[in-house]
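Take a look at the structure below.
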Amino acid sequence: MPKDNLQVLNALDGAKTQWYHFTAIIIAGMGFFTDAYDLFCISLVTKLLGRIYYHKAGSSTPGSLPSNVAAAVNGVAFCGTLTGQLFFGWLGDKLGRKRVYGITLLLMVICSLASGLSFGRHPNDVMATLCFFRFWLGFGIGGDYPLSATIMSEYANKKTRGAFIAAVFAMQGFGILAGGMVAIIVSGAFKAQYPSPPYFKNPNGSTVPEADYVWRIILMFGAVPALLTYYWRMKMPETARYTALVAKDAKQAAADMSKVLQVDLEEERQLEKPGEKRGNDFGLFTTKFLSKHGLHLLGTASTWFLLDIAFYSQNLFQKDIFSAIGWIPKAKTMNALEEVYSIARAQTLIALFSTVPGYWFTVALIDKMGRFRIQLMGFFFMTLFMFALAIPYHHWTLPNNRIGFVIMYSLTFFFSNFGPNATTFVVPAEIFPARLRSTCHGISAASGKAGAMVGAFGFLYAADAIGVQKSLIILGVISFLGMLFTFLVPESKGKSLEEMSGEVKQENGNQTQGGRQSNTEIRIA
């Protein structure tokens, strides 16, 4: 790395780990807690929605939603998320990270509450209003991806930057876990208060009227953690890297950084005026960006796309897979609330023993192993376990082998999280220039959500049309392709953001950043 870097950025790269770093992880991470809770809790209540609003007398599969309704309910939030990632990613580079950061959280709070208040005279009306609010919920969630990743990467020092960004993303695991636990508590409480017979004994009586409150409470609870951190999110200053590199105001960057980190900066002079154009201010749609970062963007976008096809297919439809192998009792043997309880318990166990540990293995090892190795390893083991489940699929459906299936299935979750699910989030926040960092992260994340939509819509129809076994084989092939595209992604371990993006140069022994000279004395506390 050039020795004569802009000193305010050197301060960030060399600053010791401090309390504010952990505060930022909680503030940014709580958004991801809410993101995961809201995106995945819908899979816990879709069967209940089917029993309440689409009950068919004499049906042997209670709780089944019509295919078009199921696809809309499961996938509409992803459509909003994709749109939000592109829009807020671009806006974060234009207006600054801080100015739009609170908008995304507020949108999540309002739409989480509104989702639980979905209304209508007919079932399709209720589903339509639910989908409307979940689209805008996804829009807010989408903005959180590029903004949280970029903010954390720009606050972190280069030694532990990967762990800090991964820790923000790891809050997603706790969100998935919380979704299952809230569903267990709510459905358990209502089940005890309003007992009802199983479906095969009394199809109409197996779903009590009060069950309509259960799915609403579960969806609305997602607003609570986001609301608790809104004030602190509004108090965060703009990142020093955005102020110094994009707004070109090193003096303000030093002042902002001094407020939250234990560093002492003295700004002597700054020769570049704020707003002044520099020679290396190339845009996203330029040949220079294409030559310097085109393959990197292809790598981050393609790997995230392929990963999310597999990851969201597994998460959203694990209840169907567990039912198929008999780990969850058949729907007709349970009443509506017992089914919610059983599905939530299964998801909670998977989250507790594979999803959450996988995230935190990444946090612990990402700055030791590096992003590339973890991502390659994760895709490799996802491929391996998918094929190990799919090829002898009949073997795993036998009663004596179901526990083995659950263990193998859990390992695919573990290695997706101790692997590409974390690294695809981390890397785009590190390798692109500051003025395009949020935009490029948004594009990469939007590619992921396009993959999630393929998983949400495609797997739904594939499982019905070709069966679970062939669907798992397809997911194994997709994971293998992810492993190949990983070779387009550079390693960023131990390097500064400016070194990765090529923003800082050394000219004539003077410290320069894209043509600006700055003298800043710094003492790191």
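The values are calculated or read from the model by the stated rules, or taken from the named source; none is laboratory data. Quick caveat: nothing in here was measured; it's all calculated off a predicted structure. Every residue, glycine among them, receives a Cβ derived from its backbone with ideal geometry; neighbour counts consider all protein chains shown. These area figures cover heavy atoms from the full protein model, side chains too; ligands, DNA and RNA do not enter into them. Shrake-Rupley method; radii C 1.70, N 1.55, O 1.52, S 1.80 Å.
Side notes on the structure shown:
- Working from label points 7 Å from Cα in the Cα-to-Cβ sense, the H122 to S67 distance is 2.2 nm.
- The value of relative contact order for the chain, using C-alpha pairs under 8 Å at least six residues apart, is 27 percent.
- Residues of segment 464-493 with amide N under 18 Å of the 7 Å Cα→Cβ point at R402: 468-469
- Extension gain for L488-Y213 works out to 94.2 nm (0.36 nm per residue, less the C-alpha to C-alpha distance).
- Taking every protein chain into account, the accessible area of the chain amounts to 37 square angstrom per residue (probe 1.4 Å).
- Dipole in debye (nearest 20) - the chain, about Cα centre, beta carbon charges: Lys, Arg +1; Asp, Glu -1: 460 debye
- Positive contributions from Lys and Arg (+1) and negative ones from Asp and Glu (-1), summed over other residues with Cβ under 14 Å from the Cβ of M377, come out at +2.
- Among the trypsin sites (Lys or Arg not before Pro) in segment 156-233, those located in a DSSP loop and surrounded by at most 16 other Cβ atoms within 10 Å of their own Cβ are K159, K201.
- Prolate/oblate/rounded label for the chain (Cα gyration tensor, a/c 1.5): prolate
- Working note: 222 nm ellipticity from helices only, DSSP H runs with n ≥ 4, each -39,500 (n - 2.57), summed and divided by the residues of the chain, gives -22500 deg cm²/dmol to the nearest 500.
- Put simply, when 490-499, 413-422 are sorted by average Cβ atoms within 10 angstrom per residue, most first, you get 413-422, 490-499.
- Those residues of segment 330-351 whose amide nitrogen sits under 19 Å from the label point placed on K201, 7 Å along Cα→Cβ: 330-342
- Ligands, DNA and RNA left out, the 1.4 Å accessible surface of the chain is 66% carbon and sulfur atoms.
- Of the peptides 449-455, 163-169, 396-402, the order by per-residue mean of other Cβ atoms within 10 Å, starting with the highest, comes out as 163-169, 449-455, 396-402.
- Taken as entire DSSP H runs, the helices of the chain that both span 27 Å or more between Cα atoms along their own long axis and average 1.0 or more on the Kyte-Doolittle scale are 97-116, 161-193, 371-390, 467-485.
- A simple spin-label model places pseudo-atoms 7 Å from Cα toward Cβ; at T333 and K259 they are separated by 6.0 nm.
- Using a cut-off of 31 Å between Cα atoms, the listed pairs K251/K368; K201/K449; K98/K288; K94/K493 include K251/K368; K201/K449 as exceeding that distance.
- For S59 and L228, the FRET efficiency from 1/(1 + (r/R0)^6), where r spans their Cβ atoms and R0 equals 41 Å, is about 0.45.
- What separates the Cα centres of segment 341-418 and segment 95-124 is a distance of 32 Å.
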